[in-house]
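J.: Structure below; questions to follow.
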Amino acid sequence: MPIRSLPLFPALALLLAGPLQAASDPADWDGVLEEARGQSVYWYAWGGDDRTNRYLDWVAGRVAEEHDLTLVHVKLDDTSAAVSRVLAERSAGNLDDGSIDLIWINGENFAAMQEADLLHGPFAARLPNFALTHPAHNPEVVTDFTLPTEGYESPWGKAQITFYYDGNAFSRDGTMAEEPPRSIEALLAWAEANPGRFTYPRIPDFTGSTFLKQALIALAEDTAPFYAPTDESDFAAVTAPLWDYLDDLHPHLWRSGRQFPATGPELRRLMSDGELSLAFTFYPSEPAAAVADFELPGSVRSYVLEEGTLGNVHFVAIPFNSPRRAGAMVVANFLLSPEAQAHKQSLAVWGDRTVLDVARLPAADRTLFAINEENPAMLPADALEKTLPEPHPSWMTALQAAWRERYVGR
């Protein structure tokens, strides 16, 4: 079936009022809680960062304590592996005893699962804590890469490209000798003047792929095509400026663009080891958290590009054949609690931004989200106001394929 792309507000109405497809109705939340007790919930989620993994371990401890649930984090290198597994189970006729109960998902993987009818729902708006996101005022919690989620995903965190640099590399005699590049064009000029001191993760890594989209949007004369499927535009013509840019950039990257770090955490390690002077992350508080953990030097500072940077919400979803949907919904609801969201945002834990509408929380809960701006690597509170929306998910897939065809094996 085609990917659904209903207008946002009709989709939101559908999300709030649509019928459930199966049992474990969250409208009877007491019934869901009772059904969930004793269940083992298998959460397939990216496992490539120690800080994230520690947070998921904490979640497992809290839901065990509060709800008598066993949460098992099945660590993934790539979310597409979970999508493939659910699809294989359906192809084998396994329609009600799947191995996956919850997936950390967004973007092209959500689109693929929706297109193939692989998700349970709608369920998200009926979670008791979902109301704390106030979707009428924050439509990003019900939209994923331009597609309405229609209740098939529950939000649990926010991300936005954030650049960070080692201030010592930009200073002479203790004073700033030059500014870090604040546009995609300036980044190329800086890389030419500072060869080997910047790079991006190897495609199809999510962070590296997001860098491609950031550059594409910044270089385009018209960004409208990016918010519709790729087959509605001339892909080669629209992306030509990106490939010209990367052809110019690659010779000046770390290891002359012949190798790339595998992930965002590996990019951070290159900064820690002093091999890079400039890097970026999809988690705005990551540099400050890494400085607090002594993983990055205290001279690191964060900033965003003047043209704005790409941002999105990340979600959890329940496969259609999960036999433990009640437990999965209890976990999804706990992830939206002020306790869990504030713990996740803490620099001492992960630093991932909350999806809750903090201004509308009770005063006691609002205090949980106070940001420690004394950390010199922390962005100012208003730095992320210019958020660029994610393109249609088809652009991610197409850019990854084109990048590999152009650069792999060179």
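The values are calculated or read from the model by the stated rules, or taken from the named source; none is laboratory data. Bear in mind the structure is a predicted one, so any value in this text is a computation, not a measurement. Note that we place each Cβ from the backbone using ideal geometry, even for glycine, and neighbour counts take in every protein chain shown. Heads up: the accessible areas ignore ligands, DNA and RNA and are worked out on the full protein's heavy atoms, side chains in. Shrake-Rupley method; radii C 1.70, N 1.55, O 1.52, S 1.80 Å.
J.: Projecting each Cα onto the charge dipole of the chain (Lys/Arg +1, Asp/Glu -1 at the beta carbon, about the Cα centre), which of N312, N94, V32 comes out farthest on the positive side?
T.: Most positive-ward Cα: N94.
J.: Here's something else I'd like to know. Between F235 and S40, what is the label-to-label distance in nm when each label sits 7 Å out along the Cα-to-Cβ direction?
T.: Spacing of the two 7 Å Cα→Cβ label points: 4.2 nm.
J.: Let me ask another. Expressed in nm², what is the orientationally averaged projection area of the convex hull enclosing the Cα positions of the range 326-410?
T.: 10.1
J.: Within the range 121-150, what residues put their amide N at less than 13 Å from the label point 7 Å along the Cα-to-Cβ vector of D357?
T.: Counting only backbone N, you get 130-142.
J.: Gap in Å between the Cα centre of the range 207-232 and the Cα centre of the range 260-317?
T.: Here the two parts' Cα centres lie 22 Å apart.
J.: Any idea how far apart A131 and A348 come out in nm if each label point goes 7 Å out from Cα toward Cβ?
T.: It works out to 3.2 nm between the two label points.
J.: Under a straight-distance cross-link criterion of Cα-Cα below 29 Å, which lysines are reachable from K75, leaving out those fewer than 8 residues away in the same chain?
T.: Partners found: K158, K213, K344.
J.: Whose amide H sits under 5 Å from the amide H of V300, counting only residues 5 or more places off or on another chain, with H placed in the peptide plane?
T.: G167
J.: Compute the separation of the alpha-carbon centres of the range 75-97 and the range 117-165 and state it in Å as a whole number.
T.: Spelled out, the Cα-based centre of one part sits 22 Å from the other.
J.: Shifting gears a bit: What do you reckon, how do I371, I217 stack up by accessible area (1.4 Å probe), largest on top?
T.: Order by accessible area, largest first: I371, I217.
J.: Another question, then. Taking 8 Å as the Cα distance limit and 6 or more residues as the minimum spacing, I'd like the relative contact order of the chain as a percentage.
T.: 26
J.: Under unit Cβ charges (Lys, Arg +1; Asp, Glu -1), what dipole magnitude, rounded to 20 debye, does the chain have relative to its Cα centre?
T.: 440
J.: Also, I was wondering about something else. Based on the Cβ-Cβ distance of D96 and R406, what FRET efficiency does E = 1/(1 + (r/R0)^6) give at R0 = 60 Å, to the nearest 0.05?
T.: 0.85
J.: Restricting to the chain, what percent of DSSP beta bridges are antiparallel, rounded to 5?
T.: Here the share of antiparallel DSSP bridges comes out near 70 percent.
J.: Between D68 and A27, what is the FRET efficiency for a Förster distance of 25 Å, r being their Cβ-Cβ separation, to the nearest 0.05?
T.: Efficiency computed from Cβ-Cβ geometry: 0.70.
J.: Another question, if that's okay. For the chain, what does -39500 (n - 2.57) per DSSP helix run (n ≥ 4), summed and divided by total residues, give at 222 nm, in deg cm²/dmol to the nearest 500?
T.: That comes out to -11000 deg cm²/dmol.
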